[in-house]
Every structure is written in C-alpha cells, then in structure tokens.
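What follows is a short report on a single structure.
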Amino acid sequence: MSAKARAPRTSTRPPSPPISDELSQEFYRRMVMIRRFEERAARAYAEAKVGGYCHLNLGEEATVVGVMGALDDSDYVYTNYREHGYALARGIAPERIMAELYGRSDGVSKGWGGSMHMFDIASRFMGGYGIVGGQVPLATGTALAIDYRAGTEAVVCLMGDGTTNIGAFHESLNIAALWGLPIVYVVNNNGLGMGTTVEQSSAEPELYKRAASYRMPSARVDGNDPAAVHAAMRVALSSARAGVPYLLETMTGRMKGHSVVDPARYRSADDTARAQAGDPIAAFATRLLERDLLTDDMIAEIDREAIARASAAAAFAEASPHPDVSTLFDYTYATAVPNDSRRLPGDALFPAPPRPSAAHTEVMA
C-alpha cells in the first residue's frame with residue numbers, strides 16, 4: 001500500500017512537559033544502578049561465571065534511561081546485544097538479568113539466552129540480537145502488525161552506529177516510511193563500530209541525516225544528557241504514533257572496549273581519557289548538585305544502594321539452578337512445528353545401524 005493511500009494517524013497526546021525534579025533524581029538513580037550492575041557483570045565474567053560474549057553499557061547510561069523513560073508500558077523494545085542496561089531500565093529485576101548472564105533457570109530467558117539474547121514478553125522487551133542489525137527488520141515487522149491492527153503502541157528499535165551500513169537498515173527505513181509505521185529507530189553512536197571509527201566506515205558520518213533518503217524526520221541529540229535524550233525521544237515517539245516513523249541519533253562515549261574481552265588497543269590514550277572525562281553519571285551528578293537536587297550524602301547513599309543491589313543480584317544468580325538440558329528446545333518456537341529437530345550436541349544425525357549378533361559373526365568367520 002502506498003503512503004498516499006494510507007490515512008495519517010492522529011495523536012491526542014499533549015506536548016511533553018519539561019523533565020521534573022523528581023524524574024531527574026530518578027534518572028540519576030537508574031544510571032548509577034546500570035553502572036554498578038555492569039561493573040558487577042564484568043567481574044562475574046572475569047570469574048568465569050558468565051559464558052559467551054558480554055557487552056556492557058558503560059558510558060551509555062544517560063542514553064539508556066532517557067530513551068527507556070519516555071516509553072509507555074505497552075510499547076515494544078528491540079535491542080542489539082548491548083542490552084543489560086535497557087533491560088534494567090525497562091523494569092526487569094536485576095536478579096533475573098544477572099541470573100540470565102550466569103545461564104541459570106531463574107534468568108529472564110530461563111538461562112538459555114545469556115547476555116545477548118534476553119527476552120521478556122511481560123515487559124514487551126523483545127530481545128537482544130547477536131547478528132548486527134538482526135533486530136531491525138523484526139522491529140519493523142512488529143510496527144507493521146500494530147498498524148495492521150490499528151493499535152496505539154509504538155516500537156523502539158535500538159542499534160549501534162555500525163548497523164546503519166547494512167542493507168536491512170535501509171530496507172527497513174524505506175518500508176517504514178512508505179507505510180507510515182509507528183516505529184522509532186534509535187542509533188546509539190559511540191563513535192566506534194567495534195574498532196573502526198564512524199568517520200572511517202561511513203561516507204556520511206552524521207548518521208541521523210540518512211533518514212532524509214526516506215523523507216523521515218530525524219534528530220541528533222547529546223546522548224550524555226538524559227533529560228535531552230528523554231525530550232528528543234518524546235518528540236520521536238509522538239511522531240511515530242502519528243504514523244511518521246523517526247530516526248534518533250544519540251551521541252555517547254564508550255568507556256571500555258567493544259566487549260569485556262576487548263582491550264581496545266586501537267584507541268589512543270587521549271581518546272580513552274576523553275571517554276573517561278565525559279562520564280555521563282559524573283556530569284549529571286554535578287548538574288543536580290548545582291540545582292540542589294542532590295547532596296554529597298545522597299550521592300553516596302544512592303551508590304551504596306546500587307552496589308548492594310548488584311551484589312544481591314549476583315548472589316541470587318549464584319544460587320539459581322542450572323536449567324535442565326531437557327528444556328533446551330522448549331522455547332525455540334511459540335507453537336509446535338512439524339519435524340522439529342531436538343538433537344543435542346554430540347547426538348548422531350542418524351540412528352546407529354544395528355550391530356551384528358555374535359552368532360552371525362561366527363558364521364561369517
């Protein structure tokens with residue numbers, strides 16, 4: 001169906017109010033919780049309690065809370081593999097997230113998803129995806145389903161800067177613009193696609209401008225300012241709910257390597273120092289101190305509470321049982337699929353042929 005044949009959506013939502021003092025304080029608490037959780041997760045990985053890959057949101061906390069704080073409970077969220085902070089900000093309990101990192105049955109994906117593949121239908125957190133850009137077509141399809149049902153929800157599709165160079169990104173934006181789908185694409189630009197800078201990999205490094213190819217509104221925002229991200233996200237969501245998809249680029253820093261095992265030797269000492277100096281939590285704390293919304297004692301108490309909660313989450317994960325191997329395939333499909341293979345690693349592809357009997361062996365001899 002062409003865009004001309006599609007009636008525009010109408011939105012009855014009032015303009016977004018400026019961020020309140022209470023929300024500013026809450027954003028700070030959430031940012032600190034994400035920081036301490038991620039630090040505890042990194043420690044668990046070093047202790048060999050977390051398997052597979054593990055990518056942290058260190059340095060991106062302001063973007064995480066600003067984006068997620070603008071969503072309604074009914075909205076859908078798709079992320080990439082750097083997802084722990086987004087799951088926390090969506091309201092999923094730290095204990096369930098940490099248990100998933102540990103591969104335990106009390107985890108958000110019953111221990112079978114791990115760091116990169118969390119999924120929680122109750123909070124409409126539709127998973128992290130290990131394939132770069134794998135979530136983009138799926139999120140667009142969810143937006144199409146909402147439009148087909150004339151729903152009021154919106155979809156938020158999160159990705160890194162490197163994703164904007166794959167074909168599925170452009171195909172999805174084109175379809176969303178043609179069909180007026182209720183979706184916001186959020187590009188978290190930390191300046192590095194793994195170890196390659198945006199300037200080296202993108203002919204147009206101002207990634208929000210790519211939306212112009214599809215006549216889609218877009219904006220670039222300071223990703224180290226949670227209030228700015230929240231305001232920009234509210235504008236983006238309002239547009240998406242009215243049938244005009246939106247591309248939002250948030251500019252952040254990456255305080256560590258691409259994953260916990262990446263020493264980031266491709267970064268200069270000056271670049272690393274700039275990332276550390278741009279710590280969004282310290283910067284936001286300074287602002288709130290200047291506005292008398294925080295005190296030094298409050299900052300210390302918030303930090304203690306976050307450390308205690310992260311430690312409790314790790315203890316919960318440690319005590320959670322491992323999933324039984326018999327449940328490995330229970331969550332592959334939502335409904336039964338004919339000829340679904342349930343072969344475990346190491347199982348023979350075909351049944352072993354019958355062994356000859358002893359009597360048969362003697363006759364042959």
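Go ahead and collect, in residue order, the members of segment 34-69 whose backbone nitrogen is under 11 Å from a label point 7 Å along the Cα-Cβ direction of Arg287. Backbone N within reach: 62-63, 66. Rolling a 1.4 Å probe over the protein heavy atoms of the chain, with every protein chain left in place, gives an accessible area that is 57 percent carbon and sulfur. Using a cutoff of 8 angstrom between alpha carbon atoms and counting only pairs six or more residues apart, the relative contact order for the chain works out to 22 percent. Solvent exposure of segment 119-265, expressed per residue, is 39 Å² of accessible area, with all protein chains present and a 1.4 angstrom probe.
Segment Glu171..Met298, full-extension length gain: 41.0 nm, with 0.36 nm per residue of separation and the alpha-carbon distance subtracted. Top mean-square fluctuation among Asp75, Asp222, Asp297, Gaussian network model of the chain, C-alpha springs under 10 Å? Fluctuation is largest for Asp297. Sorting Ile175, Ile97 on solvent-accessible area from highest to lowest, probe radius 1.4 Å, gives Ile175, Ile97. Against the chain, whose longest principal axis is taken from its Cα atoms, helix 21-46 shows a tilt of about 30°. Evaluated at q = 0.09, 0.15, 0.17, 0.21 Å⁻¹, the base-10 log of the normalised Debye intensity for segment 123-269, with identical point scatterers placed on the Cα atoms, takes the values -0.28, -0.75, -0.95, -1.38. Basic side chains Lys and Arg get +1 at the Cβ, acidic Asp and Glu get -1 at the Cβ, and with that the dipole of segment 109-247 about its Cα centre reaches some 340 debye.
To the nearest 10, the accessible area of Thr197 is 40 Å² with a 1.4 Å probe.
Ellipticity at 222 nm from helices only: DSSP H runs of n ≥ 4 in the chain, each -39500 (n - 2.57), divided by the residue count, give -12500 deg cm²/dmol.
May I ask for the distance between the Cα centers of segment 258-336 and segment 98-144, given as a whole number of Å? The distance from the Cα centre of segment 258-336 to that of segment 98-144 comes to 17 Å.
Within segment 276-362, the chymotrypsin sites (Phe, Trp or Tyr not before Pro) that combine a DSSP coil assignment with at most 12 other C-beta atoms in a 10 angstrom radius are Tyr331, Tyr333. Model label points for Ala277 and Ala145, set 7 angstrom from Cα along the Cα-to-Cβ axis, are 4.7 nm apart. Protein-only accessible surface at a 1.4 angstrom probe places the residues Val132, Val32 in the order Val132, Val32, largest first. When nucleic acids and ligands are ignored and a 1.4 Å probe is applied, Lys256 ends up with an accessible area of around 120 Å².
Suppose the chain between Arg215 and Ala334 were pulled fully straight at 0.36 nm per residue; how much longer would it get relative to their current alpha carbon spacing?
On the way: separation 119, 0.36 × 119 = 42.84 nm, distance 3.65 nm.
Full extension of this stretch gives 39.2 nm more.
For Rg/Rh (Cα atoms, Kirkwood Rh), which listed value, (1) 1.06; (2) 0.97; (3) 1.03, comes from the coordinates shown? It is the one labelled (1).
Projecting label points 7 angstrom from Cα along Cα→Cβ for Leu344 and Asp270 puts them 5.7 nm apart.
The values are calculated or read from the model by the stated rules, or taken from the named source; none is laboratory data. Given the structure is predicted, the values throughout are model-derived calculations rather than measurements. Every residue, glycine as well, gets a Cβ built from its backbone with ideal geometry; the counts of neighbours run over all protein chains shown. Surface accessibility is based on the protein's heavy atoms, side chains included, excluding ligands, DNA and RNA. Shrake-Rupley method; radii C 1.70, N 1.55, O 1.52, S 1.80 Å.
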